[in-house]
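The values are calculated or read from the model by the stated rules, or taken from the named source; none is laboratory data. Nothing here was measured: the structure is a model prediction, and the numbers come from that model. No Cβ is skipped: glycine too gets one built from the backbone with ideal geometry, and neighbour counts run over all protein chains shown.
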Amino acid sequence: MTRGRASRREHGAALREGRIDRVERGVHDRGGVPTEEPIDRGEHTLEDWEVLTDALVGALARRGLMNVDELRRGIERMPREEYVQASYYERWLFSMESILTEKGVLAAGELDRRAAG
Amino acid sequence: MTYLVGEPVVVAARAHIGHHRTPSYIKGKRGRIERVHARFRNPETRAYGGAGLPEVPLYLVSFARSDLWPDPCAGGGHRVYVDVFEHWLEEAK
């Protein structure tokens, strides 16, 4: 998704003149959003797949295939509904598949085919 | 480094389509430089496979909590601390 320079200028002017009250925000940009939901501060034991997911991101970074900022970008572009429902490491998995497919490391649908086969 | 510890700054109130590390709740807000961390690779280009060069100075900036959202302890002097890259900061008039 791209927006033109003129559009960005207009957005900035609208903000400064108070015509809109804040910058549009991504689904991940939650700071200060009111909620009635209690925050779960509980710890939970990581499942094996979560530990492996963490290790995989580290391995991809060491091989130069993907960095942590790409990981974040992949998470931030998740469809809102999926983002809200996904757990922390499910978001990592989504991003890894998405970014590696974008970079041609994985073919589209390759993981699904392997998992099914 | 453009800004000094103690200097007032304003966070740019601009939209940015794409990955960036400046949360919405500080955009357009006035803050104060608390610490000059160092220069780091720019996550905004690294997120698209770039090298993130040139490195960008990163600052610890503090904000009055009551400037960011309704503060149940207004007047308590509470501050919120956020790391902000230099290209998101402007001189406070």
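For the structure I just gave you, tell me whether B:G52 is more than 19 Å from A:G32 (Cβ to Cβ), surrounded by fewer than 13 Cβ atoms within 10 Å (Cβ to Cβ) and touching a helix residue (DSSP H, G or I) at 6+ places or on another chain (Cβ under 9 Å).
Taking the combined requirement at face value, the residue does not satisfy it.
Identify the residue in region A:89-99 that is in contact (Cβ under 8 Å) with a residue 24 or more places away in the chain and not aliphatic (A, V, I, L, M) and, among all such residues, is nearest to the other protein chains (Cβ to nearest Cβ).
Filtering first and then ranking leaves A:S95.
Given the criteria closer than 24 Å to A:G74 by Cα, in a loop (DSSP other than H, G, I, E, B) and free of Cβ contacts under 8 Å to residues at least 24 places away in the same chain, does B:G75 qualify?
Here the answer is no, as B:G75 does not meet what is asked.
Looking for something within 14 Å of another protein chain (Cβ to nearest Cβ), within 20 Å of the chain's Cα centre (by Cα) and either on the phi > 0 side of the Ramachandran plot or not in a loop (DSSP other than H, G, I, E, B) (or both) - is there at least one such residue anywhere in region A:36-50?
So far as region A:36-50 goes, no, none of its residues is within 14 Å of another protein chain (Cβ to nearest Cβ), within 20 Å of the chain's Cα centre (by Cα) and either on the phi > 0 side of the Ramachandran plot or not in a loop (DSSP other than H, G, I, E, B) (or both).
How many residues does region A:60-88 contain that are more than 9 Å from every other protein chain (Cβ to nearest Cβ), among the polar types (S, T, N, Q) and farther than 14 Å from A:V27 by Cβ?
The total comes to 1.
Determine whether region B:45-62 contains at least one residue that is within 9 Å of chain A (Cβ to nearest Cβ) and assigned to a helix (DSSP H, G or I).
So far as region B:45-62 goes, yes, one or more of its residues are within 9 Å of chain A (Cβ to nearest Cβ) and assigned to a helix (DSSP H, G or I).
For the structure I just gave you, tell me whether B:V82 is out of contact with any Lys or Arg (no Cβ under 8 Å at 6 or more places or on another chain), buried (at least 16 other Cβ atoms within 10 Å of the Cβ) and not in a helix (DSSP H, G or I).
It is true that B:V82 is out of contact with any Lys or Arg (no Cβ under 8 Å at 6 or more places or on another chain), buried (at least 16 other Cβ atoms within 10 Å of the Cβ) and not in a helix (DSSP H, G or I).
Test B:R41 against the criterion of being surrounded by fewer than 18 Cβ atoms within 10 Å (Cβ to Cβ), in contact with a His (Cβ under 7 Å, 6 or more places away or on another chain), within 12 Å of chain A (Cβ to nearest Cβ) and not hydrophobic (A, V, I, L, M, F, W, C), and give yes or no.
no
Condition check ((1) of a type in the set (S, T, N, Q); (2) modelled with pLDDT under 95) across all residues:
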| site | (1), (2) |
| --- | --- |
| B:M1 | no, yes |
| B:A13 | no, yes |
| B:I17 | no, yes |
| B:K29 | no, no |
| B:H37 | no, no |
| B:P43 | no, no |
| B:G50 | no, yes |
| B:S62 | yes, no |
| B:D67 | no, yes |
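Just to be sure I understand the filter: pairs with C-beta atoms under 7 Å, separated by 6 or more residues or on different chains, first member in region B:1-25 and within 26 Å of A:V68 (Cβ to Cβ) and within 8 Å of chain A (Cβ to nearest Cβ), second member surrounded by 16 or more Cβ atoms within 10 Å (Cβ to Cβ) and of a type in the set (K, R). Which pairs pass?
B:H19/A:R72; B:H19/A:R73; B:S24/A:R25
Among A:R72, A:R16, A:R62, which is modelled with pLDDT of 95 or more and exposed (fewer than 15 other Cβ atoms within 10 Å of the Cβ)?
One residue alone meets the criteria, A:R62.
Only residues that are modelled with pLDDT under 95, outside any helix (DSSP H, G or I) and either surrounded by 16 or more Cβ atoms within 10 Å (Cβ to Cβ) or among the hydrophobic types (A, V, I, L, M, F, W, C) (or both): list them for region A:75-104, please.
A:R77, A:M78, listed by residue number.
For region B:63-72, give me each residue that is facing chain A (nearest Cβ under 9 Å) and part of a strand (DSSP E or B).
none
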